[in-house]
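We did not get these values from a lab; they are worked out from the coordinates using the rules stated. The shown structure was predicted, so the numbers you read here are calculated from the model rather than taken from an experiment. Methodologically, a virtual Cβ is constructed for each residue, glycine included, from the backbone with ideal geometry; neighbour enumeration extends over all protein chains shown.
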Amino acid sequence: MLLYCEWVEENVLARVPHRQYVFTLPRLLRPIFARRREWLGELCRIAARLLAEAYDEALPGARPALILFVQTFGDLVNFNPHLHVLAADGAFLPDERFVALPPVPGNLLAEGFRHAVLDFLVKNETLADELRSRMLAWRHCGFSAHNAVRVPAEDAEGRKKLAGYMLRAPMSLEKMTYDAATGTVIYRSKMNAGLKRNFQIMPGAAWLELLCQHIPDRYEHLVRYVGWYSNRVRGERAKKVFMQAGTALPALSVEPATTFAARAKPAWARLIRKVYETDPLECPKCRSVKSGPMRVIALIEDLGIIHRILDPLGLWASIAIERSPPVDPASWPLYASLESAPFYPFA
């Protein structure tokens with residue numbers, strides 16, 4: 001996630017103000033998108049079209065700059081498909097000038113999102129036309145669009161944090177505990193308005209089933225770049241820069257593994273410093289001596305060599321823990337209930 005945040009800041013995001021837009025769906029429709037995950041892409045296209053139309057109406061001929069992130073999870077890891085959009089808070093003119101614009105009203109986006117999604121489901125014969133008419137008449141329809149979060153142009157760290165928030169994992173290990181005696185998972189998070197609780201308690205197998213709902217299908221895109229941030233437009237800008245400089249475009253080639261490894265070597269230490277706020281290359285015994293950072297001199301995997309190095313230092317006994325004997329599956333808490341449960345083969 002941290003590597004993506006650095007990459008998107010350096011290669012995609014312009015140094016202009018940005019705003020977050022969040023589009024949500026009513027609970028009634030969420031199971032449809034759980035069964036037809038490919039339609040999550042249609043939600044992205046609808047949201048991008050609504051934002052592009054709003055910007056074009058405010059500034060004709062201008063192009064928005066959008067990155068759309070699909071999230072399928074809520075605070076309690078329940079299936080809750082929704083969209084996060086990292087959008088430049090304005091639009092770009094054909095001459096590459098940026099013009100700041102007021103945020104697109106949330107109620108306008110929510111109403112347009114509601115009509116477009118319901119029309120799409122009716123067209124694909126997933127929703128009855130009568131139910132669509134009733135949902136359009138509901139006062140609290142469950143569709144929403146929020147635009148309250150804004151990051152100023154000079155806040156590069158804010159842009160990276162916002163991108164990381166949109167790309168985060170469905171769950172946090174810090175919020176999860178596992179009771180091995182009963183085979184039960186307990187997950188604590190924020191209060192969920194739909195479930196009306198701030199925790200999940202379920203058997204381990206059910207928890208794994210819940211997590212599997214958030215695994216994307218093969219070739220399913222969860223991040224999309226639109227407008228000024230699209231791959232094609234960014235490629236055109238890069239080509240223009242090379243042409244103005246009078247140099248040829250660099251040839252596409254596969255980076256040798258050795259070159260990639262050499263370039264990636266410092267990344268692990270830098271990312272550890274970011275996450276844990278400590279330098280893994282700083283020797284704890286040499287902090288007062290300006291001897292420079294530690295460096296990796298060898299990768300040792302042979303157990304005999306490791307023993308000969310650590311034993312004289314008195315460190316071998318602290319890590320030489322006997323491996324536990326294999327566990328009989330029949331002793332697992334859920335084994336009996338799972339063995340007696342009916343089996344439903346996949347079609």
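Report, by chain and number, residues whose modeled amide H sits under 5 Å from the one on D89, excluding near sequence neighbours (fewer than 5 apart, same chain).
So D89 has HN proximity to H18, R19.
Using the Karplus equation 6.51 cos²θ - 1.76 cosθ + 1.60 (θ = phi - 60°), what ³J(HN,Hα) coupling, rounded to whole Hz, does each residue of segment 96-108 give in order, writing x for Gly and Pro?
6, 7, 9, 10, 5, 10, x, x, 6, x, x, 5, 5
Take the alpha carbon gyration tensor of segment 101-257, find the square roots of its eigenvalues, order them as a ≥ b ≥ c, and report rounded if a/c is under 1.5; if not, report prolate when a/b exceeds b/c, else oblate.
Cα axes put segment 101-257 in the oblate bin.
Taking loop as defined by DSSP and a crowding limit of 10 other beta carbons within 10 Å, which chymotrypsin sites (Phe, Trp or Tyr not before Pro) in segment 202-233 fit?
Qualifying residues, ordered by number: Y219.
Which pairs in the list K160/K196; K123/K196; K160/K239 are over 30 Å apart, alpha-carbon to alpha-carbon?
Exceeds cut-off: K160/K196; K123/K196.
Provide, in order from the shortest bin, the percent of all Cα-Cα pairs of segment 26-117 in each 5 Å bin, continuing until the bin that contains the maximum pair distance.
Bins of 5 Å from zero give 3, 12, 22, 22, 17, 11, 8, 5, 1, 0 percent of pairs.
What are the trypsin sites (Lys or Arg not before Pro) within segment 49-121 that DSSP puts in a loop, where the Cβ has at most 15 other Cβ atoms within 10 Å?
Qualifying residues, ordered by number: R97.
Report ³J(HN,Hα) in whole Hz for each residue of segment 56-62, in order, from the Karplus equation J = 6.51 cos²θ - 1.76 cosθ + 1.60 where θ = phi - 60°; Gly and Pro get x.
Using θ = phi - 60°, the values come out as 5, 5, 6, 9, x, x, 7 Hz.
Can you run phi through the Karplus equation (6.51, -1.76, 1.60; θ = phi - 60°) for segment 163-171 and list ³J(HN,Hα) in whole Hz, with x for Gly and Pro?
These are the phi-based 3J(HN,Hα) values: 5, x, 4, 6, 9, 5, 6, x, 9 Hz.
For A269 and R232, what does the FRET efficiency come to when R0 = 41 Å and r is the distance between their Cβ atoms, rounded to the nearest 0.05?
So the FRET efficiency works out to roughly 0.70.
Are there any GluC sites (Glu not before Pro) in segment 128-182 that are in a DSSP loop and have at most 14 other Cβ atoms within 10 Å? List them by number.
E154
Binned at 10 Å from 0, what are the whole-percent values of the Cα-Cα distance distribution for segment 137-186, short to long?
Answer for segment 137-186: a P(r) of 17, 25, 24, 24, 10, 0 percent.
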